[in-house]
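Below: the structure, in structure tokens.
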Amino acid sequence: MAILPLWNALGEDYSKKGYLTFNAKPLGSEERPLILRTYCPEPKLDRNHVLGNHSRGTKVARYSARSGKESDKAISPINGIPAAIAVNLGKKLSYVWDTTECRLLYAWTDGFLDMKNYWGNQAGGRRKGFGYVPELYGFLFYKAQGKHPIHINGKSIAELGALKYLGYEIDESKQPVFSYLAGKHSLEFTPRSGPGKQTLKLTVSTGGKEMITFNSPKTQVKEMSSEPGKLVVVVRPNAGDRYSSDRKVVAIKEASLAKGEELYNSMGCVACHTTDGGLNHGPTFKGLAGSHREFISAKAQKADDAYLIESIQNPSAKTVKGYLLGMMPPYQLQPLEYESLVLFIKTCK
């Protein structure tokens, strides 16, 4: 495992502040991004398509260096993505770029990677002996879906030849730009924070005259600009998973409007649902509660509490006419959190 030293990424020696040793949850910023090349967590990605070029280890017998013998007990491989690059721009955005698949794997907000498993903790002074992949913490709002999303002249780059990662450079805005080859085509990929909360602005360029498109299933992609050799798109949330490195999610004791508004802003609702009647990728919350709803392939009904909660838990069950199928990810929340969101939606009149 290779980890890019923090003083290289940030321009100063953060090890003097203890960030490289114990209980570390480091954060960068948009002006000074934190970049780590390391094993990264795998948040249930599609192994057949998204990670199609990654081999999968098999169980092996446990070996004792002390005795020089293998035991009868088999152990499974570490569940992590090797040779990935994790980037943090503060609480606004973190993402993982994969140097094997040459694509963006996932993105999240509110946290980064808890490095305690690898760097060790203060009490023991040693890293975790097995399974030392860092822990993801924060709210994951985007996950790669299906085959490689970038197409050149109508063909997925996965069909144009072997993918070869070349490296990354820091541009004038101090953000990484990833370079790789797809057959004879040379590409540069630049991820950035998008114009709205929990959105991504992605720029793909070849320096040539190729026509570039970005196609990803179950993902809302808006083309911002397109010209020969360059494409800029904005990607909206297609996932809704919370991760805590402490493996604890604090339970709330009662539903409240304040909690509902907090969830609206932190869980990605704000990226697709307006509160003032404005058009967006999802229905507006204004006037939603109690309204008559008509669906693409389900019987019309009133937007009561049960419907609102179902729409958060299982949004694919009923899709409002005029909107795309399967574009909202399911959100697994505490019961009182669903109730809090319903309270907030009811205030949007």
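The values are calculated or read from the model by the stated rules, or taken from the named source; none is laboratory data. All values derive from a computational prediction rather than experimental measurement. Cβ sites come from the backbone with ideal geometry, for glycine too, and all protein chains shown count toward neighbours.
Against the condition under 25 Å from residue 140 (Cα atoms) and part of a helix (DSSP H, G or I), how does residue 325 come out, does it pass?
Spelling it out, it is not the case that residue 325 is under 25 Å from residue 140 (Cα atoms) and part of a helix (DSSP H, G or I).
Only one of 260, 290, 277 is more than 29 Å from residue 50 (Cα to Cα) and not in a loop (DSSP other than H, G, I, E, B); which?
One residue alone meets the criteria, 260.
Is at least one residue of the range 303-325 surrounded by 15 or more Cβ atoms within 10 Å (Cβ to Cβ), outside the structural domain of residue 91 (by TED's automatic domain parsing) and in contact with a Leu (Cβ under 6 Å, 6 or more places away or on another chain)?
Taking every residue of the range 303-325 in turn, at least one turns out to be surrounded by 15 or more Cβ atoms within 10 Å (Cβ to Cβ), outside the structural domain of residue 91 (by TED's automatic domain parsing) and in contact with a Leu (Cβ under 6 Å, 6 or more places away or on another chain).
Test each condition in (1) over 24 Å from residue 149 (Cβ atoms); (2) assigned to a loop (DSSP other than H, G, I, E, B) for residue 209 and report the one that comes out false.
(1)
For residues that are touching a strand residue (DSSP E or B) at 6+ places or on another chain (Cβ under 7 Å) and modelled with pLDDT of 90 or more, tally how many sit in the range 260-287. So that I can check it myself, show each step before the final result.
The initial filter retains those residues of the range 260-287 that are touching a strand residue (DSSP E or B) at 6+ places or on another chain (Cβ under 7 Å), namely 266-268, 283.
Within this subset, residues satisfying the condition of being modelled with pLDDT of 90 or more are 283.
Of the residues in that region, 1 qualify.
Residues 203, 190, 213, 199: which one is in contact (Cβ under 8 Å) with a residue 12 or more places away in the chain and over 25 Å from residue 43 (Cβ atoms)?
213
Please give the number of the condition residue 196 fails out of (1) in contact with an Asp or Glu (Cβ under 8 Å, 6 or more places away or on another chain); (2) closer than 24 Å to residue 88 by Cα; (3) in a loop (DSSP other than H, G, I, E, B).
Exception for residue 196: condition (1).
Does residue 186 satisfy being under 17 Å from residue 234 (Cα atoms), in contact with a strand residue (DSSP E or B) (Cβ under 8 Å, 6 or more places away or on another chain) and either hydroxyl-bearing (Ser, Thr, Tyr) or assigned by TED's automatic domain parsing to the domain that holds residue 270 (or both)?
Details: under 17 Å from residue 234 (Cα atoms): no; in contact with a strand residue (DSSP E or B) (Cβ under 8 Å, 6 or more places away or on another chain): yes; either hydroxyl-bearing (Ser, Thr, Tyr) or assigned by TED's automatic domain parsing to the domain that holds residue 270 (or both): yes.
Considered against the rule, which asks whether it is under 17 Å from residue 234 (Cα atoms), in contact with a strand residue (DSSP E or B) (Cβ under 8 Å, 6 or more places away or on another chain) and either hydroxyl-bearing (Ser, Thr, Tyr) or assigned by TED's automatic domain parsing to the domain that holds residue 270 (or both), residue 186 comes out as no.
What number goes with the only condition from (1) at pLDDT below 85; (2) touching a strand residue (DSSP E or B) at 6+ places or on another chain (Cβ under 7 Å); (3) among the polar types (S, T, N, Q) that residue 244 does not pass?
(2)
In the range 224-264, how many residues are surrounded by fewer than 13 Cβ atoms within 10 Å (Cβ to Cβ) and out of contact with any helix residue (DSSP H, G or I) (no Cβ under 7 Å at 6 or more places or on another chain)?
Count: 11.
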